[in-house]
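Worksheet for the structure shown next.
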There are 2 protein chains.
Amino acid sequence: MPKLKLAKRGGTATKKKAKRVRVSRAGESGVFQQRGVPSRRAKAELRHIPWNSVELEQLNPLLQRQFVVGRDIMVARVLMKKGCIVPQHQHINEQVTYILDGALKFWIDGKEIVVNAGEVLTIPSNMPHKAEALADTVDLDVFTPPRRDWIEKDDRYLR
Amino acid sequence: MPKLKLAKRGGTATKKKAKRVRVSRAGESGVFQQRGVPSRRAKAELRHIPWNSVELEQLNPLLQRQFVVGRDIMVARVLMKKGCIVPQHQHINEQVTYILDGALKFWIDGKEIVVNAGEVLTIPSNMPHKAEALADTVDLDVFTPPRRDWIEKDDRYLR
């Protein structure tokens, strides 16, 4: 769902008069605004964001996720319990995965690749991949452009 | 310097016959190839890269840096000793800084902002900024597009 809010005119908004406008100040609380997530066409903006102030979504019993979005960059922290499986999926977004702790096994491009803590995997746009946490894992995922499916919670493959 | 190598034709290359071609397999060792850095126009590519295999540049006595480049994403680990100062600079590249350990004080947009471990700063394109390490710091910097000045070692402000 696009991040929209109702604009008041002269303080007496009616449904007819109400006009859809973009939330212009990313990081501030708007009607559909989430900390760390600017609106779709937000200008790039200086923002200082502690991770512990960013919503931590519990997508399933083994999977938590939080993310920060700039203009063209999304940085996500994905927390997985051992045994967590991310089913095969693909996306237009280029991805760079950096395992901060634990280990992820990927099935990708016909190969099995175990990415351990201190290692990086660069995943091109539209390359299908599946992953399994071999241990409790802290995974930092970087995307460009930002994942609109995640922002808009249209990510049933994870839930 | 662009990352180029000499192509052989029929295995008998001469300087006259030699033709400049792009290094097509990023992450493999080419003449000017550096692990973690694909050529300027490299296609996006699946690569598995341990950080301890990536060159760690000693830019000055207080500053070390290593980075991995996808197609449109650069992820850098910047290691700073306490007191390290990054002079004011700016770049077209959007930046997201995530402090993994330590603390950085920024002078940016007329403000002083201390970014501690576990915190993020989103820095828009072309916004001048200066930074000082308040402690020994591990700083993860994400850029889009990748910093050509870093790849081409045209970054005297850090050296």
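Is there any pair with a first residue in the range B:108-122 that is farther than 21 Å from B:Phe143 by Cβ and a second that is buried (at least 16 other Cβ atoms within 10 Å of the Cβ) and of a type in the set (Val, Ile, Thr) whose Cβ atoms are under 7 Å apart and which are 6 or more apart or on different chains, and what are they?
What qualifies is B:Asn116/B:Ile99.
Can you list the strands (runs of 3 or more DSSP E) lying wholly within the range B:71-146 that have 3 or more residues being under 18 Å from the mean Cα position of the chain (by Cα) and at the interface with another protein chain (Cβ under 10 Å from one of its Cβ atoms)?
B:74-80, B:94-101, B:119-123, B:137-144
What residue, among those in the range B:121-159 that are out of contact with any His (no Cβ under 7 Å at 6 or more places or on another chain) and among the β-branched types (Val, Ile, Thr), is farthest from B:Glu57 (Cα to Cα)?
Per the criteria, the residue is B:Thr122.
Filter the range A:85-120 for residues that are over 18 Å from A:Leu158 (Cα atoms), in contact with a His (Cβ under 8 Å, 6 or more places away or on another chain) and either buried (at least 19 other Cβ atoms within 10 Å of the Cβ) or outside the structural domain of A:Leu62 (by TED's automatic domain parsing) (or both) and give the result.
A:Val115, A:Glu119, A:Val120, listed by residue number.
If a residue has to be of a type in the set (Asp, Glu) and within 17 Å of B:Gln95 (Cα to Cα) to count, how many in the range A:41-76 make the cut?
2
Give me the pairs, please: first residue somewhere in the range A:37-56 and over 11 Å from B:Ile123 (Cα atoms) and crowded, with 18+ Cβ neighbours inside 10 Å, second residue anywhere and of a type in the set (Ser, Thr, Tyr) and at pLDDT below 95, beta-carbon distance under 9 Å, and either six or more positions apart or on two chains.
Sorted first by the residue in the range A:37-56, then by its partner, the pairs are A:Ser39/A:Ser24; A:Ala42/A:Ser24.
Give the residue that is nearest to the other protein chains (Cβ to nearest Cβ), with candidates limited to residues of the range B:58-70 that are more than 26 Å from A:Trp51 (Cα to Cα) and surrounded by fewer than 18 Cβ atoms within 10 Å (Cβ to Cβ). Walk me through how you get there before you give the answer.
Residues of the range B:58-70 that are more than 26 Å from A:Trp51 (Cα to Cα), as a first pass: B:58-62.
The next check asks that each one be surrounded by fewer than 18 Cβ atoms within 10 Å (Cβ to Cβ); those that pass are B:58, B:60-62.
On the way: B:Gln58: 20, B:Asn60: 24, B:Pro61: 25, B:Leu62: 23 Å.
The residue in question is B:Gln58.
The values are calculated or read from the model by the stated rules, or taken from the named source; none is laboratory data. The structure displayed is predicted, hence computed values, not measured ones. Positions of Cβ are backbone-derived with ideal geometry, glycine not excepted, and every protein chain shown enters the neighbour counts.
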